[in-house]
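To keep things clear, I will list the structure first and then write my remarks on it.
The values are calculated or read from the model by the stated rules, or taken from the named source; none is laboratory data. The model shown is predicted, which means the values in this text are computed figures rather than measured ones. In this analysis, Cβ positions are derived from the backbone assuming ideal geometry, glycine residues included, and neighbour counts consider all displayed protein chains.
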Amino acid sequence: MISFAITVFLSAFLLFQIQPIIAKMILPWFGGSSSVWSTCLVFFQAGLLLGYLYVHLLHEWLSPRRQNVVHCALLLLSLATLPVIPDDALKGAAFASPTLNVLLVLASAVGMPYVLLSTTGPLMQAWYARSFASLMPYRLYALSNLASMLALLSYPLLVEPYLVDREQALIWSGAYVLFVVACFASTWQSWKGVSGERERTAAATATDPRPAVGECLIWVGLAMTASLLLLALTRHLTQDVAPVPFLWVLPLSIYLLSFILCFDAPRYYYRPGFLLALPLAFVAIDRVLDGAGMPVPMLVSVLSVSLFVICMVCHGELVRRRPPVRHLTLFYLMLSIGGALGGSFVGLVAPALFNAYFELPIGLFLCALLVVIVLWRELRPLWRGLVVAALVAYTCRLTAISIGYVEDYRRVLRNFYGQLRVAEVNEPPLGIRRSIVHGRINHGEQFIGEAHRREPTAYYCRQSGIGQLLQSLADGPPLHIGIVGLGTGTLAAYGRRGDEMRIYEINEQVLELARQDFSYLADSAARIVPVLGDGRLMLEADPDQNFDVLVVDAFSGDSIPTHLLTIEAIRTYLRQMKPDGVLAVHITNRYLDLRPVLAGAARHFGMKALAVELDPDDDDRFCRHSLWVLLARPERAEALRRSLDNAGKLAPRPGFALWTDGFSNLIGILK
């Protein structure tokens, strides 16, 4: 048992430790979008499905010792794919088809080791059950989920803060070699454990009736629902807060915790209690979807507890319906099919099919429906009527929420980079105010009437840090301005005749909206040069631009992607600027305090950082709260400090570690 337990534990730990490692490594290649993690999860679940299918076919078609030989041969082949470091040559094609390219990068970097790791849990359980005629293998599954959860939780707490990405990948590759050695030891135990008598015992268990198709569909449905809601709720967190590893691994850890509790000891699934808690979880999620403002700790807690209740119900019902050990591999195959279907629906189908985030209401409806189906035979006629009435009422509520996603918006668009909505509000006497909303975050606005259409607004108004900076340069020679992140194109309002504004934007739908629904670009006196692609990668590829001002204003949800704030990124910005140029970074954020990041970077490059925070009056229609950081050479920074309102020196935080492409830690800057 010890040999099998060590192999299962190590494989599961590595299986889930590689997920945040590799996802964080490729996140900058795709603009820091929260969709990168959703697409990664699709790949991971597809890898699990392929691994479980391999185990099921191996278990059904080959004798135990032939299984040993085939699996050991594949393990040896997988060593040739190490180390698990993505090839930089794949960066170039990232934007042609980002979803497909995420999958291709993952397949080339970790494909074979990941699939073989995914086979270990069910394969070791099948070998253990066949060799030793024991009913213990289901507890090995709980052990594997415990290892998975430990791997995920240890990453943001013990791995990410202390090791750069490349070191993480190299250490993981070394640990994979140890796993192969452990797996060979377990294979040898299985080889010795097989005897004619035991094989006859195993054959005798084949008389257990094969599960019905309807039962298999229920297994698939329960697993799919839990997976679908895991990804949908994770997307909600990472888009509206930040696409960071901690918010990736927390929901996935909760998902795995429910597996551990349900499979290790079914008594942990206290059915009456969790079934009563399920409607409360639906109500809590409803409050979040309804736009109730919550501090980030409360928001994370509400969604986490709700996800835990939903996963406990889905996985608890799965355990109640698990088959005899003879059909163990079929059971796990159905679970992996359900997980892959749920992940694919959120990560692949929904962005292509829907223009809004309808997958979360759909997942909640499926969860409620499946619970009704599972309980139907146990309910008395009166309760059946009440349950159906409750399901109909909840369906109507979810339909109303879904309609609210698109109702009363001028435009609603969606692609890999998220959902964009164009909203309009009449604000007398100024008239119609039109804005772009990404998720729940306002990414720019404009008054449409002729009297105010050229007036910069929101985070870019004349009193903001960037507004004051550009106005202070208005009496000088023509400017060459670089802008990373377009939004509505508000900064074009500051453009003068002779100025050139080179604007980098990763999402072509944003450029489409800025041209068709807003007029800042068309009205600007400056020459506007749009460049499609990730701002940092495009700046790295561009010839020297000699910008007078370079503005970094690219947001994914409520946060600037981390790869735009590293030392390497800022070095690229400075290379594209004049020696006396100013780097202006927009860091307005509800949840993260990015000032230490930029203060540390300024000191690293021998520059000074100024923070310009604007907190306008409630009756100010043109300005929103904003925080800008301006980086410049010391003498230039001092002159700016004297000429700008509310400009204060930004001192580095003692002991704060600089962000690099290989290291960034967002837990240390949570507000």
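Quick check on the stretch 59-69. Is at least one of its residues touching a Cys at 6+ places or on another chain (Cβ under 8 Å), surrounded by 22 or more Cβ atoms within 10 Å (Cβ to Cβ) and farther than 20 Å from residue 337 by Cβ? The answer is no; no qualifying residue exists.
Condition check: closer than 25 Å to residue 510 by Cβ and either buried (at least 22 other Cβ atoms within 10 Å of the Cβ) or in contact (Cβ under 8 Å) with a residue 24 or more places away in the chain (or both). Does residue 586 satisfy that?
It is true that residue 586 is closer than 25 Å to residue 510 by Cβ and either buried (at least 22 other Cβ atoms within 10 Å of the Cβ) or in contact (Cβ under 8 Å) with a residue 24 or more places away in the chain (or both).
Checked against the criteria, residue 588 counts as part of a loop (DSSP other than H, G, I, E, B), closer than 27 Å to residue 613 by Cα and not charged (D, E, K, R). If you filter the stretch 390-418 down to residues that are among the aromatic types (Phe, Trp, Tyr) and outside any strand (DSSP E or B), you find that the one that is nearest to residue 555 (Cα to Cα) is 417.
When 73, 46, 12 are screened for being over 24 Å from residue 343 (Cβ atoms), among the hydrophobic types (A, V, I, L, M, F, W, C) and assigned by TED's automatic domain parsing to the domain that holds residue 181, only 73 passes.
Annotation note: Cβ proximity below 8 Å between a residue of the stretch 606-623 that is touching a residue at least 24 places away in the same chain (Cβ under 8 Å) and a residue that is assigned to a strand (DSSP E or B) and of a type in the set (Ser, Thr, Tyr) (sequence gap 6+ or interchain) occurs for 613/626; 614/626.
Kindly indicate whether any position in the stretch 538-553 is among the charged types (D, E, K, R), without any contact (Cβ under 8 Å) to a residue 40 or more places away in the chain and part of a loop (DSSP other than H, G, I, E, B). Yes, the stretch 538-553 has at least one match. The condition of being within 32 Å of the chain's Cα centre (by Cα), surrounded by fewer than 24 Cβ atoms within 10 Å (Cβ to Cβ), of a type in the set (S, T, N, Q) and within 27 Å of residue 449 (Cβ to Cβ) holds for only one of 509, 576, that being 509. Given the residues 340, 368, 356, which is the only one that is at pLDDT below 90 and either of a type in the set (Phe, Trp, Tyr) or within 30 Å of residue 45 (Cα to Cα) (or both)? Answer to the check: 356. Does any residue of the stretch 349-369 turn out to be surrounded by fewer than 17 Cβ atoms within 10 Å (Cβ to Cβ), closer than 26 Å to residue 214 by Cα and in contact (Cβ under 8 Å) with a residue 12 or more places away in the chain? Yes, the stretch 349-369 contains a residue that is surrounded by fewer than 17 Cβ atoms within 10 Å (Cβ to Cβ), closer than 26 Å to residue 214 by Cα and in contact (Cβ under 8 Å) with a residue 12 or more places away in the chain.
Out of 84, 115, 105, 110, one residue alone is closer than 22 Å to residue 42 by Cβ, modelled with pLDDT of 90 or more and not in a helix (DSSP H, G or I). It is 84. Please work out if residue 522 is without any contact (Cβ under 8 Å) to a residue 24 or more places away in the chain and either within 22 Å of residue 637 (Cα to Cα) or aliphatic (A, V, I, L, M) (or both). So residue 522 fits the description; yes.
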